[in-house]
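Take a look at the structure set out below.
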Amino acid sequence: MGRKIIGVLGSPLTEGNTAILLERALAGAKDAGCEIEKVVVANLDFQACNEMLFCREHDTCIMDDDMQPQYQKFREMDSLILATPVMTMGIPGRLKSFMDRFQVFFMAKYMRKSPFFTREEAQRRNGLFICISGMKVPEVFVGVKLSVQAFFDIIDCNYQDELLINDMDTIRDIRTRPEILDAAYKKGFALGKTVIASNQ
Ligand SMILES: Cc1cc2nc3c(=O)[nH]c(=O)nc-3n(C[C@H](O)[C@H](O)[C@H](O)COP(=O)(O)O)c2cc1C
């Protein structure tokens, strides 16, 4: 039975505030009984989508780089935690390119109408979105959320929950806010429990 949760880190800082929140969420998922794996986008060697459209007819991308193993991994996982800071009111460029490369899943699902998951499998796949921003302005998460909701839809993950923390320019070190760390842990734990319950 599947119980694998992948955590994607979209920050270039592998030990920054986003990374700390992702670790807490993954710890929660692990304590709930799931197997966890972290994908650090900053450590992957890949290019942005070049629109070669090989994936219009094939179940993969023609670009032979570090995205290749991700496709299989994302087909096999049971749920996802995506964690990123806001940059220029949107998704950081490298993470955005990572997400764009899942055009492979888009083509299968929407163009060829031959999705990688059955309806039942898709219903069991959930996503938790964690995001932090420097500023405390009303619309700071609007751009990132639109992209993440589209990405979750493309890879067949239901947008189950989110943890959006603004004002990081004031907070500076997330470790000074144990209640936020606790919220990340609890949301990861809840996602993990959902995975366990829906795969029994
Ligand atoms: C290039 C860049 C662009 C940023 N753009 C925004 C922005 O548009 N809005 C905002 O609220 N914060 C912005 N920030 C601030 C980050 O969201 C914030 O510093 C966050 O805590 C970084 O998380 P990390 O340390 O885990 O990478 C930006 C930071 C960088 C480096």
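The values are calculated or read from the model by the stated rules, or taken from the named source; none is laboratory data. Please read all numbers here as calculations on a predicted model, not as lab measurements. So basically every Cβ, Gly included, is an ideal-geometry build from the backbone, and we count neighbours across all protein chains shown.
Okay, here's what the table says:
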{"read-out": "Those strands (runs of 3 or more DSSP E) lying entirely in segment 1-100 with at least 3 residues within 13 Å of the ligand (Cβ to nearest atom) and not acidic (Asp, Glu)", "value": "79-85"}
{"read-out": "Those residues of segment 23-36 which are touching a Lys or Arg at 6+ places or on another chain (Cβ under 7 Å) and not β-branched (Val, Ile, Thr), in sequence order", "value": "Ala25, Leu26, Gly28, Ala32, Gly33, Cys34, Glu35"}
{"read-out": "So Glu162, is it loosely packed, with under 14 Cβ neighbours inside 10 Å and either closer than 28 Å to Thr60 by Cβ or modelled with pLDDT of 95 or more (or both)", "value": "no"}
{"read-out": "Scan of segment 19-33 for residues that are surrounded by 15 or more Cβ atoms within 10 Å (Cβ to Cβ) and either more than 16 Å from the chain's Cα centre (by Cα) or among the small types (Gly, Ala, Ser) (or both), ordered by number", "value": "Ala19, Ala25, Ala27, Gly28, Ala29, Lys30, Ala32"}
{"read-out": "Every residue from segment 134-193 that is of a type in the set (Gly, Ala, Ser), without any contact (Cβ under 8 Å) to a residue 40 or more places away in the chain and under 19 Å from Glu121 (Cα atoms)", "value": "Ala150"}
